[in-house]
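As structure tokens, the structure follows; a few thoughts come after it.
The numbers here are math on the coordinates, done by the rules we state, and not lab data. From a predicted model like this one, the values you see are computed outputs, not experimental measurements. Methodologically, a virtual Cβ is constructed for each residue, glycine included, from the backbone with ideal geometry; neighbour enumeration extends over all protein chains shown.
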Amino acid sequence: MEPLSVNTQTLVEQDALQIVHTYAKADLDFVQGQGSWLITQDGTRYLDFVSGIAVNALGHCHPAILQAIEAQAKTFLHLSNLYPNAPQIALALRMLELTGLSTQGGKAFFCNSGTEANEAAIKFARKYFDRTGSPERVEMVTFLGSFHGRTFGSLAATGQDSLKQGFGPMPQGFIHVPWNDVAALKAVVGPHTCAIMLEPIAAEGGIMKASAEFVAAINALKAEFGCLVIADEIQTGLGRCGSLEGCKRYGIQADLSTWAKALGGGLPLGMVLMTKAIAEIMKPGDHGTTFGGNPLACKVGEAVLQEITAAGFLDGVAARSSQLQAGLQALADKYSWLGELRGDGLLLGIVTKKPVADLVVACRAQKLLVHRAGADVLRLLPPLNISAEDVDDALARIDRACASMEK
């Protein structure tokens, strides 16, 4: 037998040869994660303030997640939704309890990702009005700068034209208005409106918070026209904004909410929560998924919720948020090209007058992983259990990165 050949190509080289180039990937070869850190093949450590784009809410290799995976792997990994699934039921019950929907008869639908959760919510909202005698109510109002996913329905809902170019006609019925523009919103909501769909904080679009007037207008229009409100909690929920639900933190009265990212602790998992009125009109065959609510992912989801809802956890998020914001403000005072602080909890950003892509690269040179949001915002998404020491370390690395861009 011929000996197996040894691949001498780097991980980056192999990726370029084998994987479709739909991402501009960094020249890094991570092989291990530990808490707030990622480690490359040669042992170099990077402080991770991307967290898998808000997925790794408990950092890397958290003991509770590892224990949940091991326990569930000894029973079964998959059942399909043809049969009841105990981890799925347990996770649904806990989320319904935490959001107050369990006492109101609300229910959950599981899927695999954020875009699938938003696809499902769009379908459920339209089906609700079709089944309740108003099939003409198909229009959905979303917002410029929003991001709801890359499958066709979610992409149509997304308020970023650049992401839609080259894919042909989008699904119809989506109206996009400027963020925080109350007059524009009132001009388009009416008797044909099915739902208003929004993120509590528009993260990908530049970490834009909803004004109090904007939220009040959404709630008033819902009451006036009977439309639904869909809260996209995929990035904002589960403690990222400092509380379990971003919509309740900012006063948004949602009928459906969509969840993913942190929910699976690193495994693919999405969820839609809905009121009793919507859940009651759904019938077998209205929607489906092969892998949604996978037992392994749901078992991990239970572990994530147990950690996030533990006494004092969200107090820790608030403390680290205040520490990080104070440090970012000090940097804004030091460097004239840094500007407005944005966000809440540990979904934070800072506006930069210099190219944000250059700042991301400069931070990477300091062994700090950060991300961008919109055209000019540096986005920070550390694990929710980040230590005070790691926050100080990150701020020092951003300082050195900024200094390197002054030269």
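If you add up the charges near T193, with Lys and Arg at +1 and Asp and Glu at -1, over every other residue whose beta carbon is less than 12 angstrom from its beta carbon, what do you get?
With Lys, Arg at +1 and Asp, Glu at -1, the net is +1.
Once the Cβ-Cβ distance between L93 and Q329 is put in as r, and R0 is 30 Å, what FRET efficiency do you end up with, to the nearest 0.05?
0.10
For the range 141-255, report the % of Cα-Cα distances exceeding 20 Å.
37 percent
Would you tally the net charge around Q9, using a Cβ to Cβ cut-off of less than 13 Å, leaving Q9 out, and scoring K and R as +1, D and E as -1?
The answer is -3.
When the Cα centres of the range 241-303 and the range 65-81 are compared, how far apart do they sit, in Å?
Comparing the Cα centres of the range 241-303 and the range 65-81, I get a distance of 19 Å.
With labels modelled as points extended 7 Å from the Cα through the Cβ direction, what inter-label distance (nm, one decimal) is found for A216 paired with Q172?
3.7 nm
Grab the Cα-Cα distance for A319 and T289, subtract it from 0.36 nm times how many residues apart they are, and report the gain in nm with one decimal.
Length difference between fully extended and current span is 6.9 nm.
Can you give the charge dipole size of the chain about its Cα centre, rounded to the nearest 20 debye, using +1 on the beta carbon of Lys and Arg and -1 on the beta carbon of Asp and Glu?
Roughly 500 debye, rounded to the nearest 20.
Show that you can apply the helix-only estimate: for the chain, add -39,500 (n - 2.57) for every DSSP H stretch of four or more residues, divide by all residues, and state [θ] at 222 nm to the nearest 500.
After summing the helix terms and dividing by residue count, I get -11500 deg cm²/dmol.
On the Cα set of the range 66-308, report Rg and Dmax in Å, please.
When restricted to the Cα atoms of the range 66-308, Rg and Dmax are 17.4, 56 Å.
Report the Cα centroid-to-centroid distance between the range 337-407 and the range 97-126 in angstrom, as an integer.
Value for the Cα centre distance between the two parts: 33 Å.
Hey, any idea what Rg/Rh is for the chain, computing Rh the Kirkwood way over Cα pairs?
Using only Cα positions, Rg/Rh for the chain is 0.97.
Within the set K164/K276; K186/K209; K25/K367; K334/K354; K25/K261, which residue pairs have Cα atoms separated by over 23 Å?
Those over the limit are K164/K276.
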